[in-house]
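The next block holds one structure in the form of structure tokens; read it before the comments.
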Amino acid sequence: MRNRYYSLKSFSYFCFHQNKNNNMTEELELIRDEAEDKMEKAVRHLEYELSHLRAGRANPLLLDGITVDYYGTMTPLAQVSNINTPDARNIIIQPWEKNMLGVIEKAILAANIGMTPMNNGEVIRINVPPLTEERRHQLVKQVKQEGETAKISIRTGRKWFLDELKTLLKEGLPEDEEKTGDRLIQELTDKHINRVDKIMEIKEKEIMTV
């Protein structure tokens, strides 16, 4: 009877710690997912910022962020007009309502995007001039700066994960789970850093292509 009591006690003890370890594993997965989300946001922000860098070709994204007064409400340009690029040097803006031509023209001038809109009474045309060699090198430098900012954010996500991992270890996370966490976060960090390098490489090539 005594042996049976100790067997049950040992089994209960085992189940308690087994459940605790399972919960810790779930917590490890949660902080891993959150760290990955932080890194993904850094990469997406980099893509967004680089999409607005003029690479010498017409791109509707050059007008992204410009808003116009549409009956008293500041509205994104893309929601009051059709924007297209018939060729590599021109952006054509066709307002849904003709009386918006002047409003759109003023908004583009106020945005100071470095290009002058031409209003012919039907559409607004923006000519995208080719980049000078000096300007290309300036843009490449800006790409590198944006890329480094993204990498710092990714490493910050890694540090956040490791800090959380230390807390879990103090709360009873098994050491082998800690080692797994170290491996997982390094893989995530390398993966996102490589993505940043690839995005930068593509953008730099785009800018330097005449």
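The values are calculated or read from the model by the stated rules, or taken from the named source; none is laboratory data. Since we're looking at a predicted model, the values are computed, not measured. Here the Cβ positions follow ideal geometry from the backbone for every residue, glycine too, while neighbour counts run over all protein chains shown. Accessible surface areas use protein heavy atoms only, side chains included; no ligands, DNA or RNA. Shrake-Rupley method; radii C 1.70, N 1.55, O 1.52, S 1.80 Å.
A few remarks follow.
- Counting only residues that are within 21 Å of LYS38 (Cβ to Cβ), of a type in the set (Asp, Glu) and exposed (fewer than 15 other Cβ atoms within 10 Å of the Cβ), region 174-185 holds 1 of them.
- Complete set of residues in region 84-116 that are under 18 Å from LEU53 (Cβ atoms), surrounded by fewer than 18 Cβ atoms within 10 Å (Cβ to Cβ) and either modelled with pLDDT of 90 or more or of a type in the set (Val, Ile, Thr) (or both): THR85, ILE113
- Unique residue being modelled with pLDDT of 90 or more, over 15 Å from the mean Cα position of the chain (by Cα) and either more than 30 Å from ASN99 (Cβ to Cβ) or not in a helix (DSSP H, G or I) (or both) when the list is LEU184, LEU169: LEU184
- Among (1) farther than 28 Å from VAL43 by Cα; (2) touching a Ser or Thr at 6+ places or on another chain (Cβ under 8 Å); (3) part of a helix (DSSP H, G or I), the one test that ASP176 misses: (2)
- Exactly one residue among LEU53, LEU61, LEU8 is open to solvent by 50 Å² or more (accessible area, probe 1.4 Å), aliphatic (A, V, I, L, M), modelled with pLDDT of 50 or more and over 18 Å from LEU168 (Cα atoms), and that residue is LEU61.
- Subset of region 128-161 that is in contact (Cβ under 8 Å) with a residue 12 or more places away in the chain and assigned to a loop (DSSP other than H, G, I, E, B) - its residue that is most open to solvent (accessible area, probe 1.4 Å): PRO130
- Count - residues of region 186-196 that are in contact with a Lys or Arg (Cβ under 9 Å, 6 or more places away or on another chain) and either open to solvent by 50 Å² or more (accessible area, probe 1.4 Å) or touching a residue at least 60 places away in the same chain (Cβ under 8 Å) (or both): 5
- Residue within region 64-72 that is of a type in the set (Gly, Ala, Ser), in contact with a Leu (Cβ under 9 Å, 6 or more places away or on another chain), open to solvent by less than 70 Å² (accessible area, probe 1.4 Å) and touching a residue at least 12 places away in the same chain (Cβ under 8 Å) present: yes
- Within region 174-185, the set of residues being touching a residue at least 12 places away in the same chain (Cβ under 8 Å) and not small (Gly, Ala, Ser) comprises PRO174, GLU177, GLU178, THR180, ASP182, LEU184, ILE185.
- Selection status of GLY147, of a type in the set (Gly, Ala, Ser) and at pLDDT 90 or above: yes
- Candidates GLU206, GLU171, GLU164, GLU201: the one that is open to solvent by 40 Å² or more (accessible area, probe 1.4 Å) and without any contact (Cβ under 8 Å) to a residue 40 or more places away in the chain is GLU201.
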